[in-house]
Amino acid sequence: MAAEIERKYLVLDDSWRDHASKGAAFCQGYLLARKNRFMRVRIIDTARAVVTVKFRTGRLRREEFEYEIPYADALEMIDYATGVLNKTRYEVVHCGHIWEVDVYGGVNDGLVLAEIELADESDRPPLPPWLGPEVTGNAAYSNRTLATLARRDVDRRRTVSTLQLVR
């Protein structure tokens with residue numbers, strides 16, 4: 001088990017890209033999701049996969065269990081997800097701290113968020129100039145919520161397509 005302590009921010013502009021690593025493509029599906037716990041499957045660069053279970057134990061803290069799984073299993077598990085999202089993750093180093101910048105696709109296209117993992121909840125790393133407001137703890141910006149919105153959009157499009165066929 002590993003503790004995850006992180007803060008999340010909106011990103012104001014693209015100036016972070018000048019210092020970013022090569023991006024990694026994520027397809028992430030939520031298998032179980034409750035207020036203080038969830039289980040997700042993540043496919044990374046269509047090459048490897050992990051399953052993660054997290055339990056919220058504080059405002060910023062989660063206990064995290066993550067395991068590599070066979071890629072073929074992850075492809076099957078995605079079909080059972082209650083919500084799926086796609087994003088590309090980049091790493092940006094600022095003042096000795098690693099920021100993860102997520103650029104979302106699909107129904108969340110245009111959303112860019114940055115996260116930083118901390119050693120302690122009281123840590124206050126220097127903030128890069130490209131950061132906007134902090135959204136830590138704001139459910140509207142949780143990956144689980146964003147994935148659920150993506151699922152609702154797919155379900156809505158299926159319903160609209162079905163209605164159009166019926167006419």
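The values are calculated or read from the model by the stated rules, or taken from the named source; none is laboratory data. These numbers come from a predicted model, not from an experiment. Neighbour counts are summed over all protein chains in view; Cβ atoms, including those assigned to glycine, are modelled from backbone coordinates with ideal geometry.
Before moving on, here are some points about what is shown:
Listed here are the residues, each with its yes/no results for (1) of a type in the set (Ser, Thr, Tyr); (2) out of contact with any helix residue (DSSP H, G or I) (no Cβ under 7 Å at 6 or more places or on another chain); (3) over 29 Å from residue 130 (Cβ atoms).
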position: 17; (1), (2), (3): no, yes, no
position: 37; (1), (2), (3): no, yes, yes
position: 48; (1), (2), (3): no, no, yes
position: 54; (1), (2), (3): no, yes, no
position: 67; (1), (2), (3): yes, yes, yes
position: 75; (1), (2), (3): no, yes, yes
position: 80; (1), (2), (3): yes, yes, yes
position: 85; (1), (2), (3): no, no, no
position: 92; (1), (2), (3): no, no, no
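- Residue list for region 38-76, restricted to those being in a strand (DSSP E or B), among the aromatic types (Phe, Trp, Tyr) and surrounded by 13 or more Cβ atoms within 10 Å (Cβ to Cβ): 38, 55
- Residue in region 65-81 that is under 22 Å from residue 112 (Cβ atoms) and either modelled with pLDDT of 95 or more or in contact with a Phe, Trp or Tyr (Cβ under 6 Å, 6 or more places away or on another chain) (or both) present: no
- Residues in region 5-30 that are part of a strand (DSSP E or B) and over 14 Å from the mean Cα position of the chain (by Cα): 5, 11, 20.
- Residue check for residue 2: of a type in the set (Gly, Ala, Ser), surrounded by fewer than 19 Cβ atoms within 10 Å (Cβ to Cβ), at pLDDT 95 or above and in contact with a strand residue (DSSP E or B) (Cβ under 8 Å, 6 or more places away or on another chain): no
- The residue pairs whose first member lies in region 32-57 and is more than 19 Å from residue 22 (Cβ to Cβ), whose second member is polar (S, T, N, Q) and not in a strand (DSSP E or B), and whose beta carbons are closer than 6 Å, counting only pairs six or more residues apart or on different chains, are 56/36.
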